[in-house]
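Data block below; observations after.
The values are calculated or read from the model by the stated rules, or taken from the named source; none is laboratory data. If you're wondering where the values come from, they're calculated on a predicted model, not measured in any experiment. Counting neighbours? That spans all protein chains shown, and the Cβs are built from the backbone with ideal geometry, glycine included. Just so you know, the surface numbers come from the protein's heavy atoms only, side chains and all, with ligands and any DNA or RNA stripped out. Shrake-Rupley method; radii C 1.70, N 1.55, O 1.52, S 1.80 Å.
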Amino acid sequence: MPVPGYDLDDLDESLRERLAQRALQDMLDDDELARLEAGEGLTDVLEPEEISRLLETEAS
């Protein structure tokens, strides 16, 4: 059901971003989050095994 004053596409995108952020916070420790916020990429912060596990999960 549409909510007046909200673009459903924008709302969906915002919800996806928040979900992704929450998942990152659950997955990364404080130091890793700080590195990510400082501009490092996920490939710099995550271990190769973690990256592989994430890619396998997404493929499923």
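Could you do me a favour and compute the accessible area per residue for the chain, 1.4 Å probe, result in Å²?
Accessible area per residue: 88 Å².
Just check the range 15-57 against the gyration tensor rule for me: Cα atoms, a ≥ b ≥ c as the square roots of the eigenvalues, rounded for a/c under 1.5, and otherwise prolate or oblate depending on whether a/b exceeds b/c.
Oblate shape, in that a/c is at least 1.5 and b/c is the bigger or equal ratio.
Note the angle between two axes, namely the Cα long axis of helix 48-59 and the longest principal axis of the Cα atoms of the chain, as a number of degrees from 0 to 90, rounded to the nearest 10.
Roughly 30 degrees, rounded to the nearest 10.
Rounded to the nearest 10 Å², what accessible area does E40 show when all protein chains are kept and the probe is 1.4 Å?
70 Å²
What value, in deg cm²/dmol to 500, does the helix sum -39500 (n - 2.57) over DSSP H runs of n ≥ 4 give at 222 nm once divided by the residues of the chain?
Theoretical 222 nm ellipticity from helices: -22000 deg cm²/dmol.
If Lys and Arg each add +1 and Asp and Glu each add -1, what is the summed charge of the other residues whose beta carbon sits under 13 Å from the beta carbon of D10?
Summing Lys/Arg as +1 and Asp/Glu as -1 gives -3.
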